[in-house]
Amino acid sequence: MTTQTRVDRREFLRVTAIAGGGMLLASYLPFGSLDALAAASTSDFTPNAFIRISPDGIITIMAQNPEVGQGVKTMLPMAIAEELDADWTSVRVEQAGLDTEKYNNQFAGGSRATPNHYIPMRRVGAAARAMLVTAAAAAWGVPESECETEAGAVHHRRTRRRLGYGELAGRAASMPAPDLEKVTLKDPKDFKIIGTRVRGVDNRAIVTGKPLYGIDVTVPGMLHAVFEKCPVFGGKVASANLDEVRSAPGVRQVLVVDGGVALDGLLGGVAILADTWWHAQSARQRLRVSWNEGASATLSSEGLTSRAEELAAQKAQRTLRSDGDVDAALAGAARVVRASYYYPFLAHAPMEPQNCTARFANGKLELWVPSQSPQGGRGLTARTLGIPETDITIHLTRMGGGFGRRLNNDYMVEAAWIARQAGVPVKLVWSREDDMRHDFYRPAGWHNFTGALDARGAVVAWRDHFISFGEGETFARSSGISPNEFPARFVRNFALETSVMPLGAPTGPLRAPGSNGIAFAIQSFIDELAAAAGKDPLRFRLELLANERPDPAPAEPPQGPPPPRFNPARMRGVLELVAEKSAWGTRRHPRGTGMGVAFHFSHLGYFAEAVQATVSRKGAVTVDRVWVAADIGSDIINPSNAENQVQGAVLDGIGEALAQEITFRSGRTVQSNFHDFALLRMTQAAPVEVHFRRTEFPTTGLGEPALPPVVPALCSAIFAATGKRVRSLPLSRQDLSWG
């Protein structure tokens with residue numbers, strides 16, 4: 001095998017200009033952090049793995065978690081800087097690479113960054129502040145109790161002396177580090193950074209086009225790669241016209257990848273390596289592959305729907321929860337309501353398609369990758385290539401969206417395998433079609449509800465036969481439902497039953513996994529019950545929330561930590577707040593315009609949302625406005641980013657509801673790009689008004705829990721506007737015309 005190393009003059013000059021002439025140094029430094037590392041001095045004060053203070057007073061804070069647009073690269077450093085009493089204008093933030101010895105939970109998903117790291121990061125800042133105070137007190141010969149910190153300096157007010165953190169760096173470096181569990185944290189009333197509107201630390205670089213993302217990475221001597229996989233999930237190469245593709249302009253190598261059978265690992269296909277991505281993608285148009293398609297070639301959306309209907313008509317395969325006597329309650333009810341709901345498969349469709357740059361040399365692998373779970377990706381790559389994890393270095397880049405897609409690291413393994421086989425650095429970039437047709441989809445789901453009301457219009461029975469995917473008693477990834485899902489514990493006679501079928505397509509978490517479909521079905525059926533009871537849908541929900549019942553004693557001691565427990569008082573609080581802010585029940589609308597409301601608890605967040613929508617006589621839907629009330633605990637760390645996260649999640653949910661779906665035919669994904677998987681247009685983006693309700697609970701995350709309620713609230717608004725009930729998504733497939 002011939003090893004090719006090509007470095008053009010412009011590439012060489014760029015590297016040497018950054019690294020001061022150190023070619024070897026530059027080629028092995030983390031992407032995007034060359035300036036910061038070159039400026040680091042041995043006299044810097046580094047009290048822990050997160051903070052570096054230079055003699056000039058510049059404070060560098062390491063961002064340990066991957067940044068996927070959720071603002072964690074700004075938010076968590078704010079928590080450190082607050083307790084450090086830093087001057088934010090002197091703070092610089094640098095992305096850390098994967099380092100499991102220094103950092104814990106280098107992961108982006110589940111809205112876990114805040115609950116996992118908020119207090120620990122504050123302790124990190126407080127510990128560094130304590131060391132600086134000790135250093136200043138020793139320099140002045142005064143008690144530490146007489147020293148105060150403010151805006152990057154230690155003050156001795158009585159003698160009007162001041163030492164900046166940079167001046168103290170050398171002395172502080174010799175001070176013992178305090179116990180993180182025992183450091184004193186600020187009273188929130190004294191916050192100066194937390195709770196203020198701080199711009200994202202990467203904003204200027206983003207809008208000026210600086211290289212931050214995985215797709216921007218360039219390393220000396222690399223080739224550009226594309227990877228053609230079987231259009232049927234898990235299929236393998238039988239034969240291909242490799243010689244013809246090798247003769248295409250700019251092509252350097254063509255490799256057949258045998259791959260395995262695990263849909264989340266390295267699959268079979270053909271890799272094309274060329275001088276540019278365009279050369280590689282153009283050569284791909286010449287590629288003709290005969291595939292061994294495998295068992296999934298029979299997969300179709302029609303077949304799945306038919307099987308779901310068969311299962312719904314049969315006795316459920318198992319019961320997840322059973323309280324009271326549902327059958328007796330149904331028999332004695334004043335009114336029984338039945339309805340079936342469906343939500344489709346969805347793709348993640350991030351703006352930046354999957355990509356990874358890999359260099360394999362001397363048995364060591366180096367990766368530049370936008371991954372939400374880099375540690376898992378390192379393990380998967382090590383197992384696939386048969387090398388130790390310690391021989392893999394991962395540099396984290398900013399991600400152009402992920403929404404859960406980048407929790408799977410198939411593209412990382414592909415780049416690593418191709419680079420090792422090719423003998424040169426490789427930058428693999430998927431096309432948009434690759435991204436759409438080889439996703440880990442949000443699973444579809446079918447809910448078959450039966451509800452009962454007494455003479456007063458109160459819910460006395462609830463049954464849901466949930467049809468999903470899996471084998472036996474195991475749900476496919478992100479296809480399950482919790483036995484504690486609302487309204488469990490709030491209806492005396494309650495049954496949650498399920499049946500599953502095999503799928504053959506990869507599934508995985510999409511923003512607010514599970515909840516993004518479940519909330520649509522459950523909250524929409526609650527609306528149907530409210531209408532059957534002749535009650536206002538918001539008032540009906542408040543009454544339902546007042547009926548909390550204790551959980552029955554478990555037959556066996558629970559394993560592991562208990563799941564988060566739904567707090568009805570917090571949900572009532574946000575429902576009442578959204579009613580106030582939206583002027584619920586007081587607005588008068590012409591026919592064709594209506595309002596809907598819904599709530600959902602997910603990822604530790606309590607959200608209630610009201611939507612006003614207008615439906616034209618021909619059935620075109622316009623979302624006029626959305627009101628959001630949220631309870632995520634005591635502190636809103638960065639209000640600017642918090643509002644951005646909520647607004648983005650709401651608009652994301654509206655886009656999903658309006659027109660998005662993934663369908664299968666002959667084992668293949670039908671949709672391929674934005675022309676047939678429509679994202680929300682700017683003209684469709686409604687104003688989203690966000691209100692936070694502060695409560696004395698631990699601060700939690702925001703990336704996901706704002707999405708689920710908007711879909712059922714929108715469908716409720718459509719019913720109010722037209723009298724037509726939406727029981728299936730997307731809305732583009734429904735006839736909503738009226739009049």
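The values are calculated or read from the model by the stated rules, or taken from the named source; none is laboratory data. It should be emphasised that the depicted structure is a prediction, and the values quoted were computed from it without experimental measurement. As a convention, Cβ positions derive from the backbone with ideal geometry for all residues, glycine included, and neighbour counts pool all protein chains shown. Side chains are part of the model used for accessible areas, which takes the heavy atoms of the whole protein and leaves out ligands, DNA and RNA. Shrake-Rupley method; radii C 1.70, N 1.55, O 1.52, S 1.80 Å.
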Task: 10 Å-binned pair-distance histogram of the chain (Cα, whole percent) - done: 3, 13, 21, 23, 19, 13, 6, 2, 0
Task: Cα-based Kirkwood hydrodynamic radius, region 230-355, one decimal, Å - done: 19.6
- [ ] Would you kindly work out the equivalent ellipsoid of region 37-189 from its C-alpha gyration tensor and give its semi-axes, the square roots of five times the eigenvalues, largest first in whole Å?
- [x] 27, 16, 13
TODO: Considering only DSSP beta bridges where both residues belong to the chain, give the percentage that are antiparallel (nearest 5).
DONE: 75
TODO: Quick one: which residues, 5+ away or cross-chain, put their amide H under 5 Å from the amide H of His438? H built at 1.01 Å from N.
DONE: none
Task: Computed over region 599-657, Kirkwood Rh from alpha-carbon pairs, angstrom - done: 13.1
- [ ] Residues in region 156-187, backbone N under 11 Å from the label point at Val142 (7 Å along the Cα-to-beta-carbon vector): list them, ranges by number please.
- [x] 156-163
Open item on the list: Take Leu542 and Ser737, extend 7 Å from each Cα along the Cα→Cβ direction, and tell me the distance between the two endpoints in nm.
Closed with: 4.0
Task: Per residue, in Å², the accessible surface of the chain once ligands and nucleic acids are set aside, probe 1.4 Å - done: 41
TODO: Quick one: check the C-alpha center-to-center distance for region 173-220 versus region 413-434, whole angstrom.
DONE: 32
Task: Spatial separation of Cα centroids for region 52-120 and region 522-596, in angstrom - done: 36
Open item on the list: Taking just the alpha-carbon atoms of region 608-710, what radius of gyration and Dmax come out, in angstrom?
Closed with: 16.5, 53
- [ ] For region 688-739, with all protein chains present and a 1.4 Å probe, just round the carbon and sulfur fraction of the accessible area to a whole percent.
- [x] 46
Open item on the list: Rounded to whole Å, give me the distance from the Cα center of region 265-342 to that of region 704-719.
Closed with: 23
Task: Carbon/sulfur fraction of accessible area - region 297-407, other protein chains in place, 1.4 Å, % - done: 48
- [ ] For region 529-617, report the translational diffusion coefficient in µm²/s to the nearest whole number, using Stokes-Einstein at 37 °C, 0.692 mPa s, and a Kirkwood Rh over Cα pairs.
- [x] 212
- [ ] Please work out how much length the chain gains when fully extended from Ala569 to Lys618, using 0.36 nm per residue of separation minus the C-alpha to C-alpha distance, in nm with one decimal.
- [x] 13.5 nm
Task: Cut-off 13 Å (backbone N to label point 7 Å along Cα→Cβ of Val256), residues of region 655-681 - done: none
- [ ] Can you tell me the FRET efficiency between Ser666 and Lys189 if r is taken as the Cβ-Cβ distance and R0 is 51 Å, rounded to the nearest 0.05?
- [x] 0.20
Task: Length released on extending from Ser322 to Ser306, taking residue separation times 0.36 nm less the Cα-Cα span - done: 3.0 nm
Task: Exposure of Ser145 as accessible area (Å², to 10), given a probe of 1.4 Å and all protein chains - done: 110
- [ ] Could you order Phe525, Phe697 by accessible surface area, starting with the largest, using a probe radius of 1.4 Å?
- [x] Phe697, Phe525
Task: Selection from Trp446, Ala358, Phe50 lying farthest towards where the dipole of the chain points positive, charges on Cβ - done: Trp446
Open item on the list: Restricting to DSSP loop positions (anything but H, G, I, E, B) with no more than 11 other Cβ atoms inside 10 Å of their own Cβ, which GluC sites (Glu not before Pro) remain in region 639-739?
Closed with: Glu696
Open item on the list: Using the basic label-point model (7 angstrom from Cα toward the beta carbon), what is the Arg199 to Ala583 distance in nanometres?
Closed with: 3.5
TODO: May I ask you to derive the relative contact order of the chain, considering only C-alpha pairs under 8 Å and at least 6 residues apart, and to give it as an integer percent?
DONE: 14
Open item on the list: With every atom except the alpha carbons ignored, what do you get for Rg and Dmax of region 205-301, in angstroms?
Closed with: 16.0, 48
Open item on the list: Give me a comma-separated list of calculated 3J(HN,Hα) values for region 111-120, in order, Karplus coefficients 6.51, -1.76, 1.60 applied at θ = phi - 60°, integers in Hz, x for any Gly or Pro.
Closed with: 6, 9, 4, 5, x, 7, 10, 4, 5, x
Open item on the list: Output wanted: per-residue J couplings in Hz (rounded whole) for region 150-155, from phi through Karplus 6.51 cos²θ - 1.76 cosθ + 1.60, θ = phi - 60°, x for Gly and Pro.
Closed with: 6, 6, x, 8, 9, 10
- [ ] Give Lys73/Lys192; Lys102/Lys182; Lys364/Lys427; Lys535/Lys724; Lys73/Lys427; Lys581/Lys618 a once-over and call out the pairs whose C-alpha atoms are over 22 Å from each other.
- [x] Lys73/Lys427; Lys581/Lys618
Open item on the list: With a 1.4 Å probe and all protein chains kept in place, how do Arg161, Arg405, Arg432 rank by accessible area, largest first?
Closed with: Arg161, Arg432, Arg405
Task: Thr695 paired with Ser482, simple spin-label distance in nm, labels 7 Å along Cα-to-beta-carbon - done: 1.4
- [ ] Express in Å², to the nearest 10, the accessible area of Arg591 obtained by rolling a 1.4 Å probe over the protein heavy atoms while all chains stay in place.
- [x] 150
